[in-house]
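Any read-out appearing in this document is the output of simple, stated calculations on the displayed coordinates, not a laboratory observation. This is a predicted model, so every value here is computed, not measured. Cβ placement follows ideal geometry from the backbone for every residue including glycine, while neighbour counts extend to all protein chains displayed.
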Amino acid sequence: MPLNMPLICDYTDTDYKHNFWEQSDRVYEDKAERQALKKLLPERGKAILDLGAGYGRLTDEYVDHFEEVVLFDFAANLLKQAEQDWCVRQNKQHIRCIQGDAHALPFTDKSFDTVLCVRLMHHVLDIETVFTEIKRVLKPQGHAVVEFANKRNAKEIIRFLFGKSGTSPFSLEPYQRGEGVFYNFHPDYVRNLLWQQGLKIEKQLSVSNFRMHFLKKRIALEKLLAWEDRMQEPLAALYFGPSLFLKIKRL
């Protein structure tokens, strides 16, 4: 691992909710991810850990399906927002908000039957350690739903073949986008790490498949989402989309 590469992205003092989600045109991406979670998360469970929960954007997808909910993030300011929204305003007493580093989770072994991890991995270079921690806190036969940025997506392959990108989408090593902490991973690289950890992929979805500016400008949101919903599973085998969701089981 190159020593000059940052290990994690810090959103402390950033208004992530307003600047990234509310102010920007990301309604399609938000709803596409929710479609995926409806297909992958269990209907019921005892305890769920949401790694990289931020301000609790996706909490409403599972909050009433689990007896215990833990929202975990590196940025204390985002967790404060989540606490205000869910624990204070909505009075969800079974939610805890805990600040920390995903490389060293402050939980005992086998604490959760479900772990959720969306939009965290592309901010972490050492995902092997994060997978180790996910396995450690999962109960035997427990499930994790993990999302990562896919470097081998269709758009990047086209850009590479037409000489628009100097980075091969077919190479296994992680790709750092720009100068910030933004990493894209080859699906086989991720699969190899999971196999080494003894974690089995049960299902895979390709998500945000139509995340292109010209499509979002010209096609109604409802139609794009209808296509998205139908194609998430068929396109997964092609590693088509910029985001891949995996349902993983601890054996």
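Does the chain classify as rounded, prolate or oblate by the C-alpha gyration tensor (a ≥ b ≥ c root eigenvalues; a/c under 1.5 gives rounded; else a/b over b/c gives prolate, otherwise oblate)? Note, shape of the chain comes out rounded. Assign one of three labels to segment 61-118, namely rounded, prolate or oblate, based on the Cα gyration tensor with a ≥ b ≥ c the square roots of its eigenvalues; rounded applies when a/c is under 1.5, prolate when it is not and a/b is larger than b/c, and oblate otherwise. It is oblate, given that a/c is not under 1.5 and a/b is not larger than b/c. For the chain, DSSP calls about 45 percent of its internal beta bridges antiparallel. Among the trypsin sites (Lys or Arg not before Pro) within segment 55-121, not one is in coil by DSSP while having at most 12 neighbouring Cβ atoms inside 10 Å. In loop segments of segment 79-163 as defined by DSSP, the chymotrypsin sites (Phe, Trp or Tyr not before Pro) with at most 10 further C-beta atoms inside 10 Å of their C-beta are F162.
Quick one: grab the alpha carbon gyration tensor of segment 81-198, order the square roots of its eigenvalues as a ≥ b ≥ c, and give me rounded if a/c is under 1.5, else prolate or oblate depending on whether a/b is larger than b/c.
prolate
Within the listed set C97, C87, C117, the residue fluctuating most in the Gaussian network model of the chain (springs between alpha-carbon atoms under 10 angstrom) is C87.
With the contact rule set at Cα under 8 Å and sequence spacing of 6 or more, what percent relative contact order holds for segment 44-172? If you can, show how the numbers build up before the last one.
Details: 211 pairs, mean separation 29.1, N = 129.
About 23 percent, as a whole number.
Which GluC sites (Glu not before Pro) in segment 7-100 sit in a loop by DSSP (not H, G, I, E or B) and have at most 13 other Cβ atoms within 10 Å of their own Cβ?
Working: sites: E22, E29, E33, E43, E61, E67, E68, E83; in loops: E43.
When the GluC sites (Glu not before Pro) of segment 7-100 are filtered for loop state and at most 13 Cβ neighbours within 10 Å, E43 remain.
Look at M231, M121 and count the other Cβ atoms within 10 Å of each Cβ; fewest to most, that gives M231, M121. In the chain, Cα pairs under 8 Å separated by at least six residues give a relative contact order of 20 percent.
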